[in-house]
Amino acid sequence: MIEVKNLKKKYGSFEAVKGVDFEIGKGEIVGLLGPNGAGKTTIMKMLTGYMFPTSGTAVLNDLDVVEHPLEVKTAIGYLPENTPLYNDLSVYDYLSFIAEAHGLDKKKKEERLAAVTKECGLEKVLFRPISEISKGYKQRVGLAQALIHDPAILILDEPTSGLDPNQIIEIRDLIKRLGREKTVILSTHILQEVEAICGRVLILNEGFIVAKGTAAEIAKELRGQDVLIVTLKGADPNALSADLGACAVIDRVMSAETQGGDRVILRASVKPGATGADEAVFDWAVGTGNKVLSIAPQRLSLEEIFTKLTREGTSNDQ
Ligand code: ATP
């Protein structure tokens, strides 16, 4: 659905996007996550054909954005950052105008207007001037204009920016609903947004994609190895550490702490390539007479991943 290869963008001598590659399949909601100035908006502008890449390719719905800019625009719906709306028009007149700009005939226009009004929950404000409606409703109108021509792909630049917590929840729910039918790429610097809406994430820093995948996949890649948190019955961390270290699937016991005097919590890395480590630890416990109270894989939160990957900063944020 979206295929990006070695995409670069220079503003003068400054390279804002330094060669990014990614693919997004049909029906996915993918988050482009990065600190301010990472290059998110620049990538979105190139995907939508609003700005040509300096080099590299972006293909949407089998159409190259440089070779087929008009066709690409009909295949995508774009919600730019700080949605530009015509404040003097009513919601209805504005959406009607956008529908006509897309070349929809009268019948199709009325059909689509009715559909997006319902989808985006605009019934109450349809005939109010845009200047008078709340920021949350304005954002819904922004989404409605992106949807009016029923595109297969939605490109949303910071769709919840500036909204209050209730409005954020409403817009996220709406995007999730839209994601059932459409391919969605959205940019954000809010981690919770990605966790709440997106199946996959591309983490961008200073013009590079520094990680991609689900949060769990990225965490695994970062750690390089699986880590298990094993709680054993007992009071001697050193002895239990040595015991667990002898288990065939365990590479190294990294830490052991007593808790409540009768249990020890151990962090242990699993040998690279070993599978079924938790089962092997249970078998080891049965064989050695140890009592396992719990076993859980250690997970890095998306926040920890993000900090780790983007800690070097946002030096080119202007
Ligand atoms: P934010 O989260 O703040 O919107 P972003 O990740 O969307 O940031 P971009 O807006 O793509 O980042 O900007 C990437 C870099 O390119 C920044 O350093 C920015 O200052 C620079 N930049 C963006 N637009 C231009 C421009 N028209 N001319 C020169 N530099 C630009």
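The values are calculated or read from the model by the stated rules, or taken from the named source; none is laboratory data. Everything quoted here is computed from the prediction, not taken from an experiment. Neighbour counts are summed over all protein chains in view; Cβ atoms, including those assigned to glycine, are modelled from backbone coordinates with ideal geometry. Heavy atoms of the whole protein, side chains included, go into the accessibility calculation; ligands, DNA and RNA do not. Shrake-Rupley method; radii C 1.70, N 1.55, O 1.52, S 1.80 Å.
Please tell me if V201 is outside any helix (DSSP H, G or I), in the same structural domain as L266 (by TED's automatic domain parsing) and modelled with pLDDT of 90 or more. So V201 does not fit the description; no. E217 passes every criterion in (1) in contact (Cβ under 8 Å) with a residue 12 or more places away in the chain; (2) part of a helix (DSSP H, G or I) apart from (1). Among the residues of segment 87-100, those that are assigned to a helix (DSSP H, G or I) and closer than 24 Å to K135 by Cβ comprise V91, Y92, D93, Y94, L95, S96, F97, I98, A99.
Under 26 Å from L63 (Cβ atoms) and open to solvent by less than 50 Å² (accessible area, probe 1.4 Å), is that true of I148? Criteria met by I148. One residue is enough: does segment 122-140 have a residue meeting the conditions open to solvent by less than 20 Å² (accessible area, probe 1.4 Å) and farther than 22 Å from D88 by Cβ? The answer is no, given that none of the residues of segment 122-140 is open to solvent by less than 20 Å² (accessible area, probe 1.4 Å) and farther than 22 Å from D88 by Cβ. For segment 146-183, a residue qualifies if it is within 19 Å of I43 (Cα to Cα) and part of a helix (DSSP H, G or I), and exactly one does: A146. If you scan segment 1-23, which residues turn out to be among the aliphatic types (A, V, I, L, M) and crowded, with 22+ Cβ neighbours inside 10 Å? Answer for segment 1-23, where residues must be among the aliphatic types (A, V, I, L, M) and crowded, with 22+ Cβ neighbours inside 10 Å: V4, L7, V17, V20. V91 meets all of the listed conditions (1) surrounded by fewer than 19 Cβ atoms within 10 Å (Cβ to Cβ); (2) among the aliphatic types (A, V, I, L, M); (3) touching a Lys or Arg at 6+ places or on another chain (Cβ under 9 Å) but one, namely (1). Among the strands (runs of 3 or more DSSP E) confined to segment 4-86, the ones with at least 2 residues that are over 18 Å from S161 (Cβ atoms) and within 9 Å of the ligand (Cβ to nearest atom) are located at 14-24. Quick one: would you say R200 is within 17 Å of C120 (Cβ to Cβ) and surrounded by fewer than 20 Cβ atoms within 10 Å (Cβ to Cβ)? No: the conditions fail for R200. Of all the numbered requirements in (1) in contact (Cβ under 8 Å) with a residue 40 or more places away in the chain; (2) farther than 18 Å from G27 by Cα; (3) surrounded by fewer than 23 Cβ atoms within 10 Å (Cβ to Cβ), R112 misses one, and that requirement is (1).
Identify, please: which residue in segment 184-197 is assigned to a helix (DSSP H, G or I) and open to solvent by less than 10 Å² (accessible area, probe 1.4 Å) and is, among those, nearest to A58 (Cα to Cα)? Checked segment 184-197; the qualifying residue nearest to A58 (Cα to Cα) is V194.
A single member of Y50, Y11 is under 24 Å from I98 (Cα atoms) and aromatic (F, W, Y), and it is Y50.
Going by the conditions given, is T42 over 30 Å from K138 (Cα atoms), in contact (Cβ under 8 Å) with a residue 24 or more places away in the chain and not acidic (D, E)? No. Scanning segment 31-61 for residues being open to solvent by 30 Å² or more (accessible area, probe 1.4 Å) and farther than 13 Å from I155 by Cβ gives a total of 8.
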